[in-house]
């Protein structure tokens, strides 16, 4: 029942498009081609009117005008022609300039075909036409010839044919635009948002039947993705609970004694690594698209984050910038990058904040090490990839760069490995995270601007302990 109703509605819209296209095309064609068609009509009238004129003049030599009119069927007038009424123009709009032009053209056609140039008097009004003077031996006699208006009804057959063709084209174009192209553009935009928007909204089913079926499949895909996301969240919550509980019991047993100091220290380090790996796995699998964006001063945000590396060689060069970010996700991403620089690079580590493009920001993490080889950088950004030449420390599972790249793309930027061009530091390796402000939701705007956000620098204990005193330079 619903399908037949939609089909009937679609046919009605298509019929409306066709009728409207035909009407618009007819009016436009009459406006554009009406003058030329009128000229062709007068030129076509010329030979017939000239013939009628000569026959009427021959008949008037033997018969009175009334008899000639009855015998020939021509409309003749005796005496002076009726004077034009100024109030009776074309369609009752006053002076009919087009009729005067047509009268002059008809007189030109008659002069070409007759030995003399007859007088032609236009007559506007309902009986639109011209009176043509006949050569009569007695009183003045006039022959009437009607001329159709250029924008009259019924329209010229040629215009009707052209309007049907052009109207069909216009109707097809409107149908494709409104019923196919616009829904497809909405579908394309919605497809582009899948994976970027945390909860994309289903699209209304409109347009042609094929487009509606495609939209229905898209909405079904969104529903399946939503169900899968809910199931994954439930599973991850259970994993977090099931893993943290035995880890807590193991740490408690270690604290009760029974092991030597060296063995207990190694066991605690293994538990720290296991907690870090589990935390990074949960962070990567959990996504983070549900976190609200908060407008924060980035220089204060990063300074607070770097303060947790007290006692380690972390330096700051921060340009004052304000942006709407996901503070927890961005803080963990920057912390992962700093941890990697401390673990695998050469001190000191420099955290630099710079403006990027028009309204974006760029975070650069520099160290003095050799970094990752250029041929391995794309591989290093893939999840669960540990490069033997750059990785191998405890507590890392190859997710730090993948998490940072996901956070950068969620902010409309990207993660780049290697020194920027032109290089801003004479030597060393740089990891650059770029991004833009994220649109804030209404509930985030109500909370106001957060100026102090507490972010843990890493998941689990800090893998690097001890070191030199932190040097801080804030612009």
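The values are calculated or read from the model by the stated rules, or taken from the named source; none is laboratory data. A quick note: this is a predicted structure, and the numbers were derived from the prediction, not measured. Cβ: placed from backbone, ideal geometry, glycine included. Neighbour counts: every protein chain shown.
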So, in the range 47-69, exactly how many residues are surrounded by fewer than 19 Cβ atoms within 10 Å (Cβ to Cβ), closer than 15 Å to residue 140 by Cβ and free of Cβ contacts under 8 Å to residues at least 40 places away in the same chain? 2
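For (1) modelled with pLDDT under 80; (2) in the same structural domain as residue 47 (by TED's automatic domain parsing), each residue gets a yes or a no:
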{"site": "132", "(1), (2)": "no, yes"}
{"site": "168", "(1), (2)": "no, no"}
{"site": "178", "(1), (2)": "yes, no"}
{"site": "190", "(1), (2)": "no, no"}
{"site": "217", "(1), (2)": "no, no"}
{"site": "220", "(1), (2)": "no, no"}
From the option list 30, 39, 102, single residue qualifying as part of a helix (DSSP H, G or I), in contact with a helix residue (DSSP H, G or I) (Cβ under 7 Å, 6 or more places away or on another chain) and at pLDDT below 75 is 30
One residue from 305, 353, 342 being buried (at least 17 other Cβ atoms within 10 Å of the Cβ), without any contact (Cβ under 8 Å) to a residue 60 or more places away in the chain, over 31 Å from the mean Cα position of the chain (by Cα) and farther than 30 Å from residue 225 by Cβ: 353
The one condition in (1) surrounded by 13 or more Cβ atoms within 10 Å (Cβ to Cβ); (2) at pLDDT below 80 that residue 184 fails to fulfil: (2)
Selection from the range 109-147 of residues that are within 17 Å of residue 64 (Cβ to Cβ) and in a loop (DSSP other than H, G, I, E, B): 135, 136, 137, 138, 139, 140
